[in-house]
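Notes follow once the structure below has been shown.
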């Protein structure tokens, strides 16, 4: 297959805030999905060299909506924790792709794994309807 | 002055969810502002007889953005509490208005007071810029 | 097998608020996980006849933390939508169980599916450590 | 008066994420309160040289709960904006204090002002009840 393998890994630091945590003193898990969403945005910004608003316009797309996401929670994070989120695309298909996130605690322990399947989405020039579109080779190459 | 006094009070029940609360076991206060925003939407829907998307279109406005808001926290609410939020407009001016919310605990104790100043906002037909617009008498009458 | 099949389905209505939605005008997907968490709490309250704080104390558990969750997004929901969430336990194991949520749009269309695996968790009487515990037959029976 | 004037200003950078924004494409205003809460935590950490969990233990307090907060919204922020939040204590009283936040847009424009009144809170050694406590001179000095 000619598609270059995505190798880019983007890492960002996140501080767990008081408002991220629940009465058990640990992160309320829906907050991890918000963190992962921001991590995917940061990954694409790093790969494509511009923020989402700019690359969406550049490639004529509306966005990369989520169709399927999952998370596995291994070790909880608490208020004040300084964690790291490593994110990478694991597969590009015709018009969809997968992202994996690994949230690591300060000592390197794997805290949470996140899995996403998103769709490259554009407005059909003729019908005006929102639909999936082929991911440009230029985009795939930027993650290689 | 001819402006009828706003008398409508809208009341809605809210259950405090686990994800609304912080490690102290009480509502993380920014969540109260989100509850109050939903209460203002419910108040306008009750007064105008249609949801916001419909009345915004009907009156040709973009929305009622917040310019100033405040809350006073008297008694905390915790997970599982069934509270009531009473909301009313306290003053209509030319293009801005005030909303007051009272969050009452199950025993009637005042938990939180919320105060909002919002602006009736439209797009200028000539310049296309977003600006404040006079609140229609029909709207003010609906709260009387 | 002697374990009674869980048959209880709990349904609750949810209004999509302005603050649940993102710049695309649709629900920011992490919010669905918060809605599903509240639905699981409501399901257990319906089955056990008391709120979580009460049944956690009654059964001597700390809670039912999430270890794995997934959602599939079929049709977006937007501000003002009145949706319904149907929730049920699909499997009880020794100390873990699965919950499935179906978010239905006003016309009955399936909007989102949610899947959860949670663990029945207690504090070990001897070591004081938090660990999984066998789900009491009384709990399983309450869902039959 | 002998109390030293608080002069410490803490500044932190915040990226506006997709999930912070509403269907109008701008930050959903309750999110600003969450940002300000994290800024107050960062301010105290900078002043006292240790994270909140540590200084709360060191000074024998439970926390600094909010009793009154307000925000004025001048210029909206949108997805992708890189903003700066400047935070400082403006007044220390016996057991309460005021914090002011200024959220500045990338060009230096004042976007939002935030105002907080919080209480230094401890558990009464005799009754076990939560109550306000005198702010230690050591804390006040750390902000001078």
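Please report, in cubic angstrom per residue, the volume enclosed by the convex hull of the alpha-carbon atoms of the range C:91-143.
Looking at the range C:91-143, the number lands at 98 Å³ per residue.
Say a label goes 7 Å from Cα toward Cβ at residue D:144 in every copy; what distances in nm does this one have to the rest, shortest first?
Result, one decimal in nm: 6.1, 6.4, 7.2.
Rounded to whole Å and ordered largest first, report the semi-axes of the equivalent ellipsoid of the range B:46-99 derived from its Cα gyration tensor (root of 5λ).
For the range B:46-99, the semi-axes come out at 28, 16, 10 Å.
Divide, for the range C:1-65, the radius of gyration over alpha carbons by 2.2 N^0.38 Å, where N is the residue count.
1.45
For the range A:9-142, calculate the relative contact order in percent as a whole number, restricting contacts to Cα pairs under 8 Å that are 6 or more residues apart.
27 percent
At 25 °C and 0.890 mPa s, grab the translational diffusion coefficient of the protein assembly as shown from Stokes-Einstein with a Kirkwood Rh over Cα pairs, rounded to a whole number in µm² per second.
95 µm²/s
Angle between the Cα long axis of helix D:30-48 and the longest principal axis of chain D, 0 to 90 degrees, nearest 10?
It works out to around 50 degrees.
Who wins for biggest fluctuation among B:120, B:18, B:55 in a Gaussian network model of chain B, springs between alpha carbons below 10 Å?
B:18
Under the definition of partner shielding as Cβ atoms of other protein chains within 10 Å of a residue Cβ, what is the mean value for peptide B:14-20?
Neighbouring Cβ atoms belonging to other protein chains average 6 per residue here.
Which residue fluctuates most in the GNM of chain A (Cα springs below 10 Å): A:26, A:85, A:64?
Comparing A:26, A:85, A:64 in the GNM, the peak value goes to A:26.
Tell me what chain B gives for mean residue ellipticity at 222 nm when only DSSP H runs of n ≥ 4 count, each as -39,500 (n - 2.57), the sum divided by the residue total, rounded to 500 deg cm²/dmol.
-6500 deg cm²/dmol
Mind sorting C:124, A:81 by how few other Cβ atoms lie within 10 Å of their own Cβ, fewest first?
Final ranking by Cβ density, sparse to dense: C:124, A:81.
Report the equivalent ellipsoid semi-axes for the range A:9-142 in whole Å, largest first, defined as the square roots of five times the eigenvalues of the gyration tensor built from alpha carbon atoms.
Whole-Å semi-axes of the equivalent ellipsoid: 31, 15, 13.
Bear in mind these aren't lab numbers, they're just calculated from the coordinates by the rules spelled out. Model, not experiment: these values are computed from the prediction. Here the Cβ is made from the backbone with ideal geometry for all residues, glycine too, and neighbour counts use every protein chain on show.
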